[in-house]
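Each remark here refers to the structure printed beneath this line.
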Amino acid sequence: MEFIVCKYNYWIYIVLMMIGFYAIIGKKNLVKKLVGMNIFQTALILYFVSTAAKKGATIPIVSHGHGATEHAIHAAQYVNPLPHVLMLTAIVVMVSTFGVALALIIMIYRRYKTLEEDEILKATK
Amino acid sequence: MIAQFEDVIIQTLCRLLIPFIQLFALYVIAHGHHSPGGGFQGGCILGASFILLCVAYDMEEAKRRMSEKLNVIFCCLGVIIFGGIGVVCLILGANYLDYGILHKLLPVNIPEARSLGILGIEIGVGFTVMAAMISIFLNLASSGEHEETLR
Amino acid sequence: MTSSPFPILIVIVPLISAFFIPIIGWWKRNLCYPLVILSLFFCTLFSILTLNAVIQNGTIHYYLGGWHPPWGIEYVVDHLNAFVLAIISFTSFFVAIYSKKSVEQELPDKIVFFYAVYLLLVTGLLGIIATGDMFNLYVFLEIASLAAYALIAIGEDGAPLASFRYVIMGTIGACFYLLGVGYLYIVTGSLNMADLSELLPKLYHSKVVLVAFTFFMVGIALKMALFPLHTWLLDAYTYAPSTVSALIAPTMTKVGAYVMIRVMFTVFKPDFSISLFPITSILGWLAVAAILFGSIMALAQSDLKRMLCFVIVAEIGYIAIGVGIANRMALIGAILHIVNDVFMMACLFLVVGAIVYKTGTRNIYQLRYLHRKLPLTMAIFVIGALSVVGIPPLCGFFSKWYLILGAFEAGKWVFVAVLLVSSLLNAILFFRVIENIYLEPREPSYAHDGGGPEAISIDEAPLSMLIPMFVIGAGIILLGVFSGKIIDVVIQHTIPPTI
């Protein structure tokens, strides 16, 4: 039971990822597949960012101002900033992929006049 | 594909708000290393300001202020600033993107040179992200049919 | 304190040129092509100089931003890297020279953006090879993939759907790779490849590392088009424009194979990949399926380009079988095959592009007597075809020879049999095409140009297309003749010493 309750955050991400993955494979509409891909990538990003969190830690920004730089900085009090930075790049990649895929969907719609995969496959046979 | 919907309240509010949105976006870019923010976030907000113009008014209104030619030039300019700062560091003798060496060019000491180098990079990123957001929105919302493409 | 800046210059020169092209293209459209050629020429020059430096002095380390490895991004160029860098930049340079006439015919109103995205694709590929940091590899992988999605989608009729399929599958593969990187980061705290290879051996028995390795292998197999995950490749490479196929088909899957070798043998040491986790036996059997599937399905195609796409699936099977056997000879064969396959596939796809440019058809049965119209092009096709079949002294023979030697040493007779059978199948495949081109087919109704052989005059492909084909054809011959020297000087040092 502890296996589920203590690690409930990991279970949430796994469930989200699997929902997204099911949508990519199981849905027939191309836009729904894209939405599933987006959910999958978002769950992945959430998972990463959550690994940076620490109990009682604050945001990783050193305050500037009078006398602020004279105190020592204890890194343990700050949240780990590296996964946040990596996931910023991953979010950019996600947005760009989504943009390219949407442009492709517009091209497909113009050609086949439908976005259901079985109708498109029938048209290409 | 964007329907004409003229409403005095929305249009007046957008005309009042958009300059402040852009000012806030520039603030977010410039304060990236003092508070949450940075190039990507500020660029998104800048792009959103143009998209707001597009949604409130007509797409022609947005294109009058940011034509596609200017858009592509901003996109390229952003990456050239990013790569260019790195190449300047290379030419001055340090490794690529080693901003500390910029203290030979600018009259600051090494930590401030690093800070300024990162600021320059963020500005470049902000340009590119703004141009990309506007370009994605304009192309998708008109389903690729707006004219004035690069011939 | 700087070492030689070549590793970063190889990546930066195409990147910044890619963003100069739209600005310059608006001003004067004819300047795009010379700028592309210039930047890729410098890129090739730098990568050959880097290969030289690595052969003489050993591995080059370059610290981005001056930060030392666990804190900063590091570019590591060792023998494997430098060799693949040189080959890929060389190939993309010559495909760029070739592209002028083909792009003007197929995509007349998109020339400026085509070249910009072309250079971005080359940047992504070179960045994947040059980097020594796991997350940086993901970034460049996505740059290359996005550029490839865009370039493939501007092809002929079925291209947007094929590119959409590629988008979905490629993104899943990249996400799996990112998951693997994430697991390794959580467990070790480092993203640098050399650092990970020192921190991981204590953790080989933990489940997280096992799962990370699994995700890596599945994600990379998707990008590499290994057997069950290859379905995106067939449509995407068939419907893409000719130049795009000629660039992407030789390079992207081989770069995926390079990433697999990096992850299996540099990040995770060989004793993990071979003994602790039986990935090599799984890879071996998947590769057998890939080789047989590719070779047999290619026999059923009447479209020349689609047939070559199935041949690509089989060639990836060769590389995977070499990694699957995992002794010294087989790994030499696999790495040599990566390089050979870049040249062979480039040669074949360039020829197909020239055929499409001159005649407009890709149907094998309509290529009758083509050797009278395009004699030099067809000669180069024969060179490429004989190399794929594996006839000495062309390069394809030597990589297959080492693979078969490795399979003998390991005692895996099924693999030997599969390699020999596939050579036979490749021979049937290509000789069918060569017969249609050179000899008179029995059915006069498949007439091309509607006349007998006397009516066809020589109408050779333009010079800007012929020269790259010649150079790559000559490269196939030279790679074969000098393969012993290449193995001694470069490839011997790429194999981890414990194998």
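When C:Ala18 is tested against (1) among the aliphatic types (A, V, I, L, M); (2) touching a strand residue (DSSP E or B) at 6+ places or on another chain (Cβ under 9 Å); (3) facing chain B (nearest Cβ under 9 Å), just one condition goes unmet, and that condition is (2). Checking each residue in the stretch C:1-15 for being at the interface with chain B (Cβ under 9 Å from one of its Cβ atoms), more than 23 Å from C:Ile97 (Cβ to Cβ) and either assigned to a helix (DSSP H, G or I) or not small (Gly, Ala, Ser) (or both) picks out C:Met1, C:Thr2, C:Pro5, C:Ile8. Any idea which of (1) away from chain C (no Cβ under 12 Å); (2) in a helix (DSSP H, G or I) is the one A:Met94 doesn't satisfy? Of everything listed in (1) away from chain C (no Cβ under 12 Å); (2) in a helix (DSSP H, G or I), A:Met94 misses just condition (1). Residue selection: B:Ser143 fails the criterion of being more than 11 Å from chain C (Cβ to nearest Cβ), surrounded by fewer than 21 Cβ atoms within 10 Å (Cβ to Cβ), within 15 Å of C:Phe19 (Cβ to Cβ) and in contact (Cβ under 8 Å) with a residue 60 or more places away in the chain. Residues that are closer than 19 Å to C:Cys347 by Cβ and touching a strand residue (DSSP E or B) at 6+ places or on another chain (Cβ under 8 Å) are absent from the stretch C:319-333 altogether.
Restricted to the stretch C:198-241, and to residues there that are hydroxyl-bearing (Ser, Thr, Tyr), at pLDDT 90 or above and out of contact with any strand residue (DSSP E or B) (no Cβ under 9 Å at 6 or more places or on another chain), the residue that is farthest from C:Gly322 (Cα to Cα) is C:Tyr239. Inside the stretch C:150-160, residues that are buried (at least 23 other Cβ atoms within 10 Å of the Cβ) and either outside any helix (DSSP H, G or I) or among the β-branched types (Val, Ile, Thr) (or both) make up a count of 1. Check A:Leu102, A:Leu115, A:Leu44 and return the single one that is within 11 Å of chain C (Cβ to nearest Cβ), over 19 Å from B:Gly39 (Cβ atoms), in contact with a strand residue (DSSP E or B) (Cβ under 7 Å, 6 or more places away or on another chain) and in contact (Cβ under 8 Å) with a residue 12 or more places away in the chain. After applying the criteria, what remains is A:Leu115. Within the stretch C:86-106, residues that are free of Cβ contacts under 8 Å to residues at least 24 places away in the same chain reach no partner that is surrounded by 23 or more Cβ atoms within 10 Å (Cβ to Cβ) and not polar (S, T, N, Q) with beta carbons closer than 6 Å at six or more positions or on different chains. The residue of the stretch C:161-197 that is farthest from the other protein chains (Cβ to nearest Cβ), among those that are part of a helix (DSSP H, G or I) and farther than 26 Å from A:Gly20 by Cα, is C:Ser197. One residue alone among C:Tyr33, C:Tyr62 is within 26 Å of B:Gly78 (Cα to Cα), within 11 Å of chain B (Cβ to nearest Cβ) and more than 22 Å from the chain's Cα centre (by Cα), and that residue is C:Tyr62.
The residue that is surrounded by the most Cβ atoms within 10 Å (Cβ to Cβ), among those in the stretch C:363-374 that are more than 27 Å from the chain's Cα centre (by Cα) and assigned to a helix (DSSP H, G or I), is C:Leu370. The helices (runs of 4 or more DSSP H) located wholly in the stretch C:239-345 that include 1 or more residues which are of a type outside the set (Phe, Trp, Tyr), touching an Asp or Glu at 6+ places or on another chain (Cβ under 7 Å) and crowded, with 24+ Cβ neighbours inside 10 Å occupy C:242-262, C:304-325. The residues listed here are A:Lys27, A:Lys7; of these, the one that is of a type in the set (Lys, Arg), without any contact (Cβ under 8 Å) to a residue 40 or more places away in the chain and more than 21 Å from C:Thr171 (Cα to Cα) is A:Lys7.
The residue of the stretch C:147-160 that is farthest from A:Lys125 (Cα to Cα), among those that are within 8 Å of another protein chain (Cβ to nearest Cβ) and touching a residue at least 24 places away in the same chain (Cβ under 8 Å), is C:Ala150.
The residues in the stretch C:1-34 that are of a type in the set (S, T, N, Q), farther than 24 Å from C:Pro108 by Cα and in contact with a helix residue (DSSP H, G or I) (Cβ under 8 Å, 6 or more places away or on another chain) can be counted, and the count is 1. Restricting attention to the stretch C:94-108, does a residue exist that is assigned to a loop (DSSP other than H, G, I, E, B) and of a type in the set (Asp, Glu)? No, the stretch C:94-108 contains no residue that is assigned to a loop (DSSP other than H, G, I, E, B) and of a type in the set (Asp, Glu).
Candidates C:Met329, C:Met345: the one that is within 17 Å of the chain's Cα centre (by Cα) and either farther than 30 Å from C:Asp78 by Cβ or among the hydrophobic types (A, V, I, L, M, F, W, C) (or both) is C:Met345.
Can you find a residue in the stretch C:206-221 that is closer than 26 Å to C:Leu286 by Cβ, of a type outside the set (S, T, N, Q), free of Cβ contacts under 8 Å to residues at least 24 places away in the same chain and away from chain A (no Cβ under 12 Å)? So far as the stretch C:206-221 goes, yes, one or more of its residues are closer than 26 Å to C:Leu286 by Cβ, of a type outside the set (S, T, N, Q), free of Cβ contacts under 8 Å to residues at least 24 places away in the same chain and away from chain A (no Cβ under 12 Å).
Does C:Gly72 fit the bill of being surrounded by fewer than 22 Cβ atoms within 10 Å (Cβ to Cβ), on the phi > 0 side of the Ramachandran plot and either over 19 Å from the mean Cα position of the chain (by Cα) or not in a helix (DSSP H, G or I) (or both)? No: the conditions fail for C:Gly72. Can you pull out the residues in the stretch C:380-429 that are part of a loop (DSSP other than H, G, I, E, B) and in contact (Cβ under 8 Å) with a residue 60 or more places away in the chain? Those that are part of a loop (DSSP other than H, G, I, E, B) and in contact (Cβ under 8 Å) with a residue 60 or more places away in the chain: C:Pro392, C:Pro393, C:Leu394, C:Lys412.
Go through the residues of the stretch C:93-104 one by one and say whether even a single one is of a type outside the set (A, V, I, L, M, F, W, C) and touching an Asp or Glu at 6+ places or on another chain (Cβ under 9 Å). So far as the stretch C:93-104 goes, no, none of its residues is of a type outside the set (A, V, I, L, M, F, W, C) and touching an Asp or Glu at 6+ places or on another chain (Cβ under 9 Å).
Does the stretch A:25-39 contain at least one residue that is within 12 Å of chain C (Cβ to nearest Cβ), small (Gly, Ala, Ser) and part of a helix (DSSP H, G or I)? Scanning the stretch A:25-39 turns up at least one residue that is within 12 Å of chain C (Cβ to nearest Cβ), small (Gly, Ala, Ser) and part of a helix (DSSP H, G or I). Of all the listed residues (C:Val311, C:Val323, C:Val342), the sole one being within 18 Å of C:Ile428 (Cα to Cα) and in contact (Cβ under 8 Å) with a residue 60 or more places away in the chain is C:Val311.
The values are calculated or read from the model by the stated rules, or taken from the named source; none is laboratory data. As the structure is a prediction and not an experimental result, all values here were calculated from the model. When we count neighbours, we look across all protein chains shown, and the Cβ atoms used for this are built from the backbone with ideal geometry, even at glycine.
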